[in-house]
């Protein structure tokens, strides 16, 4: 559980984005994922995963590591690659309002009834 908490905290850190490596695949969570989607990360909403940790609904997405590198290079975003993690500098912070709207849209698309979109 400690690892999940750390991933969620780093994925929501202002000014930074992060994704977690698992071989040739990375997994992005929450605000970092939303930022990537806003930058043009191609995905199918049905490929997103929603799970609950400690009463918090968490959105994640697994995709090829090369896709992340190409998107960051194309956007001219500086990034740092470590053994288990990729971090990058956000060109702008994630808007909490737009992120919440996106999260609710994803939840509705996945037919999830466990998010209170009015919160």
Original post:
All but one of (1) loosely packed, with under 12 Cβ neighbours inside 10 Å; (2) part of a helix (DSSP H, G or I); (3) touching a strand residue (DSSP E or B) at 6+ places or on another chain (Cβ under 8 Å) hold for residue 3; which doesn't?
Top reply: (3)
**OP:** Consider residue 73 carefully, then state whether it is surrounded by fewer than 14 Cβ atoms within 10 Å (Cβ to Cβ), within 16 Å of residue 3 (Cα to Cα) and either touching a strand residue (DSSP E or B) at 6+ places or on another chain (Cβ under 9 Å) or touching a residue at least 12 places away in the same chain (Cβ under 8 Å) (or both).
**Re:** no
Original post:
Looking at region 6-24, which of its residues are in a strand (DSSP E or B) and closer than 23 Å to residue 105 by Cβ?
Top reply: 17, 18, 19
Original post:
Which residues, counting only those in region 25-61, are surrounded by 15 or more Cβ atoms within 10 Å (Cβ to Cβ), within 13 Å of the chain's Cα centre (by Cα) and in a strand (DSSP E or B)?
Top reply: 26, 27, 28, 29, 50, 57, 58, 59, 60, 61
**OP:** Would you check which residues across region 1-22 are more than 11 Å from the chain's Cα centre (by Cα) and within 23 Å of residue 77 (Cβ to Cβ) and list them?
**Re:** 6, 9, 13, 14, 15, 16, 21, 22
Subject >> Filtered residues of region 62-100 (kept if more than 24 Å from residue 50 (Cα to Cα) and part of a loop (DSSP other than H, G, I, E, B)) >> reply: 75, 76, 77, 78, 82, 83, 91, 92
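Bear in mind these aren't lab numbers, they're just calculated from the coordinates by the rules spelled out. As the structure is a computational prediction, the values presented were derived from the model and not from experiment. Virtual Cβ from ideal backbone geometry, glycine too; neighbours counted across all protein chains shown.
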